[in-house]
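Where a number appears in this text, it was derived from the coordinates with a stated rule and is not lab data. As the structure is a prediction and not an experimental result, all values here were calculated from the model. Reconstructed Cβ throughout: ideal geometry from the backbone, glycine too, with neighbour counts over all protein chains shown.
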Amino acid sequence: MSSFDASSKEGFVVDYSYRFAFHAGVFAEMPVSDFFSVQPELLFSSKGARCKVTETIEIPQYSGRGTFTQITKERSRPCYVELPVYLKTSFDAGSGKFIAGAGPYFAYGVGGKIKAEMKLTRPSFPSEEPDETFAVGKGEMTAFKNGYMKIKGTSIEPPYVFDEEEEFDKAPLKSFDFGLAGFIGYEFNSGFFVTAGFQRGLYNIDNYDEDGDKMKNKTISLSLGYKF
């Protein structure tokens with residue numbers, strides 16, 4: 001399960017929630033003593049988060065300017081190649097052994113997209129009725145490349161289909177990331193093991209951080225593996 005920790009000096013904070021993701025890869029174990037070993041891993045990891053942002057905006061109308069509420073649901077799905085390096089320890093327990101490890105991780109973004117679903121609503125008359133949906137739209141852009149947010153939308157009344165492109169002068173997310181990682185688990189004599197782990201990013205991956213905005217990766221994971 002992956003999400004972002006975010007903060008802003010402007011006081012505008014987006015509340016990110018977890019999304020289900022995955023990782024897969026290989027590892028090696030190199031003993032350094034009777035109790036410790038070094039375990040580097042090479043992983044392909046999907047990360048990201050979900051969020052919902054509600055804003056009040058004004059749009060020109062035939063009779064002046066109308067006030068609307070824009071609700072945006074965003075799903076960030078960046079993909080990384082990761083290199084965690086753990087200092088690992090273990091001790092016998094039952095038919096296997098408990099294992100634990102901690103260390104740094106380094107990652108580089110290789111793909112993924114940011115998708116958004118947008119809805120414009122306006123107050124209904126009479127006012128006790130639910131807000132009226134005025135227009136809906138969807139958009140997406142690549143997480144680690146400069147380009148465009150392609151938006152396809154439809155207004156409800158009058159019915160009108162529109163395609164737009166919002167240009168960005170740089171990618172939404174920085175490609176490089178690093179942080180701390182750890183795990184605990186159990187390794188069976190057959191070679192199978194299961195671990196619960198975490199990652200806490202230490203690097204600001206927000207590429208639009210001129211105003212002091214910060215965004216860092218965080219994950220909680222469950223892994224199943226086999227040791228040859």
Check your understanding: At a Förster radius of 25 Å, what calculated FRET efficiency corresponds to the Cβ-Cβ distance of E210 and S17, to the nearest 0.05?
Key -> 0.45
Revision key, fill the gap. For the I184, K73 Cβ pair and Förster radius 45 Å, calculated FRET efficiency rounded to 0.05 is 0.85
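Roughly speaking, what is the stretch gain from I57 to F168, that is 0.36 nm per residue apart minus the C-alpha to C-alpha distance, in nm to one decimal?
Working it through step by step, the gained length comes to 37.9 nm.
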Practice item. Would you mind ranking M30, M1, M141 so that the residue whose beta carbon has the fewest other beta carbons within 10 Å leads the list? Key: M30, M1, M141
Practice item. Give, as ranges by residue number, the residues of region 92-121 whose backbone N falls under 20 Å from the point 7 Å along Cα→Cβ of F44. Key: 106-114
Practice item. Note down the nm distance, to one decimal, between modelled labels 7 Å out along Cα→Cβ at K115 and at A24. Key: 2.0
Review point. Given that compact globular proteins tend to follow 2.2 N^0.38 Å, what is the ratio of the alpha-carbon Rg of the chain to that value?
Key: 1.32
